[in-house]
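Okay, so here's the structure we're looking at.
The values are calculated or read from the model by the stated rules, or taken from the named source; none is laboratory data. Computed from a prediction, not measured in an experiment: that's the story for all the values here. Methodologically, a virtual Cβ is constructed for each residue, glycine included, from the backbone with ideal geometry; neighbour enumeration extends over all protein chains shown.
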Amino acid sequence: MKTVNLGRQKFLHNKELTLLLEEVSHNSIKGCLQVLSLSQTWSLYFDKGQLIYAYQANSMWDIFSEKLQQLFPQLNNLDNELDGQLQAIFDSKTDDAILDRPDYLAICWLVEQQYLNSLQAGKLIEEMAITMLDSFLKLGDGAYEFIPQTLPDYLPKFCHLDISLLIRRRQLRSMNLTNVNLFKESANRSEIKLFLDLEQKHLKPNVINDITVTTENIEDSTFKINKLNDNNTEQKPYKVLCIDDSPIMLKTIKSLLDEQIFTVISIDDPLKGLMQILRIKPDIILLDVSMPNLDGYQLCSLLRKHSDFRNTPVVMVTGKTGFLDKARAKMVKASGYLSKPFSKADLLKVLFSQIGHM
């Protein structure tokens with residue numbers, strides 16, 4: 001990836017602002033562009049030259065609430081508790097406002113609580129950015145500074161926007177021409193595709209002990225794993241070690257996996273599991289997060305300190321789906337994250353993705 005030292009500069013014309021944004025886009029820069037005037041501050045977050053979020057000081061709540069009401073009027077029918085919760089998140093303080101924006105966390109919270117889906121969150125961010133560009137591009141005198149840090153990797157990224165096209169869209173709207181669709185899909189394309197599949201396929205699930213098991217066709221995934229054996233020699237099953245204090249969960253996971261591809265070893269005590277891992281040396285570890293005595297995060301952290309298991313795929317299996325929980329998984333260097341309830345297709349997708357990295 002190209003890196004460009006933009007430094008701190010002064011500018012006098014909005015044309016220079018446009019050229020600056022084009023430079024960021026052209027050089028595929030990753031980081032935060034801060035623009036300051038006497039009365040206002042803007043922060044534009046980029047990933048590989050594409051805009052993922054835009055912030056305007058002093059006006060963020062007004063812009064956020066206005067666009068939320070315009071785009072999703074159904075939320076207006078909710079009680080005042082929602083507004084109070086969002087306002088509380090906006091008012092919260094973080095150690096580093098550049099990286100952990102409370103306003104961005106509010107959008108993440110709306111998705112986490114299922115008020116919005118990922119595509120809707122991306123559309124909200126896009127519309128907010130267009131509104132901010134109205135004042136941003138009218139700036140006559142100010143300074144800018146580029147900080148080579150953007151939003152943390154553990155936060156979901158709902159959209160990647162072409163800044164040049166976004167400026168064009170803002171210009172078209174000023175002329176009442178709104179027939180150009182410039183919204184681009186989130187960088188997490190696989191997550192959004194999976195979300196759409198679940199919404200659109202109308203799969204009929206079977207429920208086994210609170211775990212939704214869909215009857216989706218997995219022949220394509222099975223074919224991929226068989227491709228790993230290019231020779232005609234017999235493929236040895238992959239050893240999958242499952243650690244969970246729920247015997248029902250362990251039994252269910254084992255029932256979902258083909259014995260010809262996976263050998264499943266089940267352990268219901270995390271303390272015993274540590275010794276078993278050292279003895280068995282599994283290919284993949286499925287690790288429950290909430291367990292007594294030793295939780296999944298602690299166990300994963302211990303494994304990563306052992307030279308034999310620094311690169312062993314460890315997938316956290318949990319009913320906690322918040323982005324903060326996923327951040328903890330990242331901190332202990334987990335390889336993947338599987339949310340309960342999960343389908344057979346979800347489980348196989350995670351396992352095959354880890355096998356692909358082995």
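Conditions tested, residue by residue: (1) modelled with pLDDT of 90 or more; (2) outside any helix (DSSP H, G or I).
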{"site": "E16", "(1), (2)": "no, no"}
{"site": "L19", "(1), (2)": "no, no"}
{"site": "S28", "(1), (2)": "no, yes"}
{"site": "Y55", "(1), (2)": "yes, yes"}
Just one of the numbered conditions (1) out of contact with any Cys (no Cβ under 7 Å at 6 or more places or on another chain); (2) within 18 Å of D245 (Cα to Cα) is not true of N311; which one?
(2)
Matching residues in the stretch 102-116 (touching a Phe, Trp or Tyr at 6+ places or on another chain (Cβ under 6 Å) and either touching a residue at least 60 places away in the same chain (Cβ under 8 Å) or more than 19 Å from A88 (Cα to Cα) (or both)) number 1
Could you grab me the full set of residues in the stretch 290-308 that are touching a helix residue (DSSP H, G or I) at 6+ places or on another chain (Cβ under 6 Å) and either in the same structural domain as D153 (by TED's automatic domain parsing) or closer than 19 Å to L338 by Cβ (or both)?
M291, Y297, L299, L303
Residue among I277, I225 that is at pLDDT 80 or above and in contact with a helix residue (DSSP H, G or I) (Cβ under 9 Å, 6 or more places away or on another chain):
I277
Which of (1) modelled with pLDDT of 80 or more; (2) more than 20 Å from I52 (Cα to Cα) does F136 not meet, given it meets every other one?
(2)
If I filter the stretch 340-358 down to residues being outside any helix (DSSP H, G or I) and touching a strand residue (DSSP E or B) at 6+ places or on another chain (Cβ under 7 Å), which single residue comes out as surrounded by the fewest Cβ atoms within 10 Å (Cβ to Cβ)?
P341
Residues that are more than 30 Å from I107 (Cβ to Cβ): find the strands (runs of 3 or more DSSP E) completely inside the stretch 242-338 holding 1 or more of those.
262-267, 284-288
Exactly one of I277, I248, I285, I243 is buried (at least 19 other Cβ atoms within 10 Å of the Cβ) and over 18 Å from V350 (Cβ atoms), and that residue is I277
Search the stretch 256-271 for residues that are modelled with pLDDT of 85 or more and pair each with any residue that is hydroxyl-bearing (S, T, Y) and in a strand (DSSP E or B) when their beta-carbon atoms are under 8 Å apart and the residues are at least 6 apart or on different chains.
I261/Y238; F262/Y238; T263/Y238
How many residues of the stretch 67-78 are assigned to a helix (DSSP H, G or I) and in contact (Cβ under 8 Å) with a residue 40 or more places away in the chain? The answer is 5
